[in-house]
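This report concerns only the one structure given below.
Values quoted throughout were computed directly from the atomic coordinates according to the rules given, and no laboratory measurement underlies them. Note that the coordinates shown come from a computational prediction; the quantities given were computed from them, not determined experimentally. Every residue, glycine as well, gets a Cβ built from its backbone with ideal geometry; the counts of neighbours run over all protein chains shown.
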Amino acid sequence: VRRVFLASPWLPAEWIAAHGMQPYGIWFLPEFGTVAPPCGAGLCGFAHSMQQLAGNDRDSLFVFPSHCDQLRRAYDAAAAMIGSQIFLFNLPSASDSPVAQKIYRAEMERLGRFLIRAGGRTPDPEGLSVLMTHYAHVRGSLSERAERPGREFLECLTGLHTGRPVPYKPEIRTTQSSTCGVQLAMVGGPFPGSQWTLLNLVEDLGGSIALYAAEPGERNVWQDKETIRDSSENDPSALNLELRLANNYLRHMTDVYQRPNTKLYKWLGERLRSRNVRGILLWHYAWCDLWRAEAQSLREAFGLPVLPLEADAAQGGMLRTTGRIEAFIESLQ
Ligand code: SF4
């Protein structure tokens with residue numbers, strides 16, 4: 001089965017699977033994010049890694065989202081090398097307006113044509129319905145476990161984004177099941193599975209992750225009881241299913257690039273309060289203005305201390321990062 005690497009959890013994985021291909025979240029490639037990329041001016045490490053992977057892989061397909069300049073630039077550079085294997089999905093930055101729905105739906109159709117040209121099959125409504133129900137079950141189960149984002153949650157998250165019943169197992173041992181330790185939130189951009197050991201470190205230093213809202217994480221899972229209920233009752237028409245899929249993604253989209261980004265703050269606020277979070281670890285890449293700019297806004301909006309963690313520094317070596325996290329947790333005790 002041909003693999004289709006996705007660079008955003010807001011891309012419709014079910015739709016790709018319905019075309020007979022394997023959607024695979026780039027965060028879970030074992031080698032992804034293990035080495036700090038060279039610091040190229042203006043290109044964040046995540047977009048740089050996507051570009052490199054796409055340029056070196058002649059077998060897989062790549063879907064880039066369009067939500068930031070860096071990814072669009074990385075797409076342009078990669079498309080110059082492997083034009084027929086790469087697709088730019090225009091993710092609407094407005095929330096779930098009728099226009100955004102129209103755009104998302106049109107992008108799904110364009111993506112479908114791209115997949116068929118690349119050897120995929122035309123999706124049949126029954127198959128799509130089964131896949132949508134499966135994803136709804138997995139997301140629902142993840143959203144129930146999200147309050148204690150321990151190892152089981154992270155492994156299930158890997159399964160959701162790689163389509164593997166036995167997911168890639170990173171060196172993660174954190175249980176995060178106790179409420180002892182300083183309650184912290186991990187918020188931010190793309191977080192490679194290979195970096196999950198950082199969560200062990202937080203635990204070792206006296207912290208406890210009560211909210212895992214990096215990418216992909218709790219922000220990208222939701223309850224979808226409607227799809228589960230209707231799959232057993234209705235005769236699915238392709239049109240309705242596609243519409244529902246597009247609307248589902250848009251309705252739950254909670255991300256930093258949305259304008260206005262009030263949805264992100266509302267979502268975070270509810271969870272930070274109910275889980276008694278005392279500090280925020282903000283995971284971001286150098287040159288990622290979108291997440292970096294949120295540090296001060298998060299401090300002001302929630303009255304919580306924020307520790308920005310640069311992905312590039314963590315990938316390059318943990319010593320400085322360890323010292324900073326230790327000092328941050330100490331200041332909250
Ligand atoms: S980390 Fe920031 S700059 Fe990089 S791709 Fe994501 S949003 Fe864009």
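With a simple spin-label model that places each label point 7 Å from the Cα along the Cα-to-Cβ direction, the separation between H137 and D57 comes to 2.7 nm. Take every pair of alpha-carbon atoms less than 8 Å apart whose residues are at least six positions apart; their mean separation over the length of the range 1-142 yields a relative contact order of 26 percent. Sticking with the crude label model, points 7 Å out along Cα→Cβ, report the distance from E126 to Q223 in nm, one decimal please. Using points 7 Å along Cα→Cβ, the separation is 3.1 nm. According to the square roots a ≥ b ≥ c of the eigenvalues of the Cα gyration tensor, what is the shape class of the range 1-157, taking rounded for a/c under 1.5, prolate for a/b larger than b/c otherwise, and oblate for the remainder? In terms of gyration-tensor shape, rounded.
Counting only alpha carbon atoms, the long axis of helix 98-117 and the longest principal axis of the chain meet at about 70°. If you take all other residues with their beta carbon under 14 Å from the beta carbon of I86, and give Lys and Arg +1 and Asp and Glu -1, the sum is +4.
Order these peptides, 289-296, 307-314, by their mean beta-carbon neighbour count within 10 angstrom, highest first.
307-314, 289-296
For a protection proxy built on the mean count of beta-carbon atoms within 10 angstrom, sort 22-31, 111-120 highest first, please.
On the way: 22-31: 19.9, 111-120: 16.5.
Those peptides, ordered most packed to least, come out 22-31, 111-120.
Cross-link partners for K263 among the aspartates and glutamates, with Cα-Cα distance under 13 Å and sequence neighbours closer than 8 places in the same chain left out: D96, D255. For the peptides 79-87, 66-74, the ranking by packing is 66-74, 79-87, with the highest mean count of neighbouring Cβ atoms within 10 Å listed first. Using a Förster radius of 22 Å, what is the FRET efficiency between N90 and R251 based on their Cβ-Cβ separation? Nearest 0.05, please. Calculated value: 0.80.
The overall shape of the chain, judged from the alpha-carbon gyration tensor, is prolate: a/c is not under 1.5, and a/b is greater than b/c.
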